[in-house]
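The values are calculated or read from the model by the stated rules, or taken from the named source; none is laboratory data. Remember, it's a predicted structure, so these values are computed and weren't measured experimentally. Here Cβ is always computed from backbone atoms with ideal geometry, including for glycine, and neighbour counts include all displayed protein chains.
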């Protein structure tokens, strides 16, 4: 698989173990049959960004031990339905969403939620996420939550044909993660960053999770 090979090369260039990088296949543009083939090829982590569109696929693939990642903007009024179906949320981007999750009765959602704090490193007004300056306060609040396990940080780089344009954003998220680890006494946090056009750069800058769609399904 070309994507895995490029991940491995990028990891080795930066002195990392390729096994430390998790490939999340963004399956929003393919049907359940293709997704099933991808799972058989050794990819157990799938990402979707809209519950309504993903629901039939989740049902069709319910016989497989897929780890489902929600990577889209999460509305507070849909939080329970999303969290019932997805193992990890990559887009916790505001306090009111965290509070909405914490208000869900435990009998309706008995599991703890694994969540990434979304940070708008690039500063683009069209992108969601807290600013790097706001990240510490919300991360601290997440660490104190009884319902949410904070696992790391997520960011989106600006769209560009040049993958190198994303490097400052990815480096910024890595630096923020290192600062938060120092302040909270943590060994590390996960970094969800990098998509089809720029994931090798993201891996070089420390990504632990890359979200790949188009590059996996070229020609389909």
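Just the residues that are within 20 Å of residue 127 (Cβ to Cβ) and in contact with a helix residue (DSSP H, G or I) (Cβ under 7 Å, 6 or more places away or on another chain), please, taken from region 38-77. If you could, list the steps in order and put the result at the bottom.
The first filter runs over region 38-77 and keeps only residues within 20 Å of residue 127 (Cβ to Cβ), leaving 47-50, 69-76.
48, 70, 74, 76 - these are the residues of region 38-77 that are within 20 Å of residue 127 (Cβ to Cβ) and in contact with a helix residue (DSSP H, G or I) (Cβ under 7 Å, 6 or more places away or on another chain).
Name the single residue, out of those in region 20-31 being outside any strand (DSSP E or B) and modelled with pLDDT of 95 or more, that is farthest from residue 192 (Cα to Cα). Residue satisfying both the conditions and the ranking: 27.
For region 58-76, what are the residues that are part of a helix (DSSP H, G or I) and within 18 Å of residue 36 (Cβ to Cβ)?
Pass one, region 58-76, residues part of a helix (DSSP H, G or I): 58-60, 76.
The answer is 58, 59, 60.
Please count how many residues of region 1-19 are at pLDDT below 95 and in contact with a strand residue (DSSP E or B) (Cβ under 8 Å, 6 or more places away or on another chain). Looking only at that region, the number is 2.
Considering 84, 107, 124, 88, the condition of being surrounded by fewer than 16 Cβ atoms within 10 Å (Cβ to Cβ) and under 25 Å from residue 35 (Cβ atoms) is satisfied by 84 alone.
The residue that is surrounded by the fewest Cβ atoms within 10 Å (Cβ to Cβ), counting only those in region 189-220 that are touching a helix residue (DSSP H, G or I) at 6+ places or on another chain (Cβ under 6 Å) and at positive phi, is 206. Inspect all residues belonging to region 183-192 and state whether any of them is in a loop (DSSP other than H, G, I, E, B) and within 19 Å of residue 93 (Cβ to Cβ). Looking through region 183-192, at least one residue is in a loop (DSSP other than H, G, I, E, B) and within 19 Å of residue 93 (Cβ to Cβ).
Just one of the listed residues (11, 79, 55) is over 21 Å from residue 154 (Cα atoms) and in a helix (DSSP H, G or I), namely 55. Residues of region 149-164 that are modelled with pLDDT of 95 or more and in a helix (DSSP H, G or I): 164 alone.
From the set of residues in region 38-51 that are assigned to a helix (DSSP H, G or I) and within 19 Å of the chain's Cα centre (by Cα), which is nearest to residue 128 (Cα to Cα)? Ranking the qualifying residues of region 38-51, first place goes to 51. Reported count of residues in region 87-111, each being in a loop (DSSP other than H, G, I, E, B) and farther than 26 Å from residue 132 by Cβ, is 9. Among residues of region 75-88 that are in contact (Cβ under 8 Å) with a residue 12 or more places away in the chain, those with a beta-carbon under 7 Å from a residue that is assigned to a loop (DSSP other than H, G, I, E, B) at least six positions away or on a different chain give the pairs 79/104; 80/104; 80/108; 80/109; 82/74; 83/109; 84/109.
Selection of region 1-21 for residues being in contact (Cβ under 8 Å) with a residue 24 or more places away in the chain and either over 14 Å from residue 207 (Cα atoms) or surrounded by 19 or more Cβ atoms within 10 Å (Cβ to Cβ) (or both) yields 1, 2, 3, 7, 10, 11, 21. The residues of region 127-148 that are free of Cβ contacts under 8 Å to residues at least 40 places away in the same chain, assigned to a loop (DSSP other than H, G, I, E, B) and crowded, with 16+ Cβ neighbours inside 10 Å, listed by number, are 127, 129.
Residue count for region 53-79 satisfying the condition of being closer than 21 Å to residue 100 by Cα and over 19 Å from the mean Cα position of the chain (by Cα): 1.
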